[in-house]
Amino acid sequence: MYALAVNGSPRKGGNTEILLSTALEPLQEAGWETELVQVGGKAIRGCLACGKCHETQNMQCIQSKDIFNEIMEKMVRADALILGSPTYFTDVSAEMKALLDRSGYVALANGRIFRSKIGAAVVAVRRAGATHVYDTINHMFLMNQMIIPGSTYWNLGIGRDKGEVRDDAEGLTNMKNLGETIQWLGAAIAPHKETFPTI
């Protein structure tokens, strides 16, 4: 099993990355292949709504001069996607929004290729607005027939300055439980993926 975490924060080693890494730890311990990739701070364009992905149906976006297709290839291969973002004016970072829009559209255009994958949103927040970020990420998951596991609270951690989220014991406990729940869910659904409902 393969879990892909995508960091939508441009701050390397920051709070979002810490939360994602904590969620991956139980999966690593259970023998999953895990990977954390960076989209925040990278050049990634928004969706053009050109519809070319419906024509090509090659699981790629026609915009090929940024990092999107490289990340999309990993998303297609993954059994679980953990997408993390800081809270920017009560929403995801611009890079995460571009990834959500383009990956969601390409997935739909290619026979809902995210169908039956596990999807979890992770949010770093200073004070307020985290649940809207959480919703934005989950909307793409739900539109693509993905399975969203719950945890002990909303999947967020409190922190403003770099590394401050390490002081949020409840948030870190939630991330650990999220990783454990993804591991359990992945094992439970693996024998049944071929029977997942289709349109």
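The values are calculated or read from the model by the stated rules, or taken from the named source; none is laboratory data. Because the structure is a prediction, the values reported are computed rather than measured. Reconstructed Cβ throughout: ideal geometry from the backbone, glycine too, with neighbour counts over all protein chains shown. For the accessible areas, the whole protein counts, side chains as well, though only heavy atoms, and no ligand, DNA or RNA atoms are used. Shrake-Rupley method; radii C 1.70, N 1.55, O 1.52, S 1.80 Å.
What to note about this one:
- Longest DSSP-loop-exposure-free segment, chymotrypsin sites (Phe, Trp or Tyr not before Pro), the chain, at most 15 other Cβ within 10 Å: 1-88
- Entry note: the chain has Rg to Rh equal to 0.95, where both radii use alpha-carbon atoms and Rh is the Kirkwood radius.
- Ordering of 54-65, 118-129 by burial proxy (mean other Cβ atoms within 10 Å per residue, highest first): 118-129, 54-65
- Percent RCO, i.e. relative contact order, over the stretch 1-63, from Cα pairs under 8 Å lying at least 6 residues apart: 38
- Eligible lysines near LYS12 by straight Cα distance, threshold 29 Å, same-chain separation 8 or greater: LYS42, LYS65, LYS74, LYS97, LYS117, LYS162, LYS176
- Here the sum of -39500 (n - 2.57) over DSSP H runs of 4 or more residues, divided by the residues of the chain, equals -13000 deg cm²/dmol at 222 nm, to the nearest 500.
- Taking GluC sites (Glu not before Pro) across the stretch 56-104, none is in a DSSP loop with at most 12 further Cβ atoms lying within 10 angstrom of its Cβ.
- Accessible carbon and sulfur surface of the stretch 59-199 relative to its total accessible area, %, 1.4 Å: 54
- From the largest down, the stretch 109-199 spans 44, 27, 18 angstrom on the principal axes of its Cα atoms.
- Whole-number percent relative contact order across the chain, with pairs defined as alpha carbons under 8 Å at least 6 apart: 26
- Span-like helix ranges in the chain, DSSP H, alpha carbon extent 24 angstrom or more, Kyte mean at least -1.0: 169-189
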